[in-house]
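Novice: Mind having a look at this structure? Questions to follow.
The values are calculated or read from the model by the stated rules, or taken from the named source; none is laboratory data. Keep in mind the model is a prediction, meaning the values are calculated, not measured. As a convention, Cβ positions derive from the backbone with ideal geometry for all residues, glycine included, and neighbour counts pool all protein chains shown. Calculation scope for accessible area: heavy atoms of the full protein, side chains included, ligands and nucleic acids excluded. Shrake-Rupley method; radii C 1.70, N 1.55, O 1.52, S 1.80 Å.
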Amino acid sequence: IDIWELAPEELTQHIGYFPQEVQLFKGTLRSNLNMANSANDEQVMELAQKLGISVFADSHPKKMEMPILEGGKGVSIGQKQLIGVGRIMLSGPSVWLLDEPTASLDSETEQKVLDALLERIKPADIVIISTHRKSFLKLANRVLVMHDGKVLADKSPSELFSTDNGFKATEL
């Protein structure tokens with residue numbers, strides 16, 4: 001079926017897309033996190049705590065109601081990324097498309113994101129991640145290594161990093 005034949009609400013209900021550059025909208029931190037209105041206040045607050053969003057929210061006098069300007073002006077790139085990751089997690093898609101979801105985050109915050117993803121991704125979900133970070137291998141059951149548009153390897157993580165596979169994982 002052609003994707004254009006599907007109702008937009010069907011797509012947004014099932015597909016979650018995280019682009020490299022997260023787009024935030026004029027509103028509040030809470031409204032930018034829960035754009036799909038798919039989570040209750042308790043779920044929003046729990047996720048904000050797990051991801052570390054509450055750290056910068058609590059430093060603002062309005063907490064989760066802190067204003068966000070169009071395009072995310074007023075928050076750092078890392079904070080924008082966390083808000084975007086939180087947004088997709090709260091929407092609970094069955095198909096996850098993640099493009100460098102932690103590129104602007106430090107290793108400690110990245111681990112929080114990975115832990116939260118591991119909690120939320122269901123066994124039947126489809127997850128496609130484009131990343132340079134090896135930490136995401138714990139989410140993978142299949143890894144494609146690409147260079148200049150060519151697939152260099154298509155293996156399970158354990159096969160990819162075995163010593164006798166003919167592919168040098170150190171080249172990654």
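Novice: Any residue that is without any contact (Cβ under 8 Å) to a residue 60 or more places away in the chain, open to solvent by 80 Å² or more (accessible area, probe 1.4 Å), part of a helix (DSSP H, G or I) and of a type outside the set (Lys, Arg) - is there at least one of those in the range 23-42?
Specialist: So far as the range 23-42 goes, yes, one or more of its residues are without any contact (Cβ under 8 Å) to a residue 60 or more places away in the chain, open to solvent by 80 Å² or more (accessible area, probe 1.4 Å), part of a helix (DSSP H, G or I) and of a type outside the set (Lys, Arg).
Novice: Just one of the numbered conditions (1) within 27 Å of residue 56 (Cα to Cα); (2) of a type in the set (S, T, N, Q); (3) part of a helix (DSSP H, G or I) is not true of residue 158; which one?
Specialist: Result: residue 158 fails condition (1) only.
Novice: Any chance you could count how many residues in the range 7-22 are at pLDDT below 80 and either acidic (Asp, Glu) or open to solvent by less than 70 Å² (accessible area, probe 1.4 Å) (or both)?
Specialist: The qualifying residues number 4.
Novice: Return the residues of the range 138-159 that are touching a Leu at 6+ places or on another chain (Cβ under 8 Å) and either among the hydrophobic types (A, V, I, L, M, F, W, C) or at pLDDT 90 or above (or both); say none if nothing qualifies.
Specialist: Listed by number, the residues that qualify are 139, 143, 145, 146, 151, 153.
Novice: Among 68, 1, 53, which is closer than 27 Å to residue 140 by Cα and hydrophobic (A, V, I, L, M, F, W, C)?
Specialist: 53
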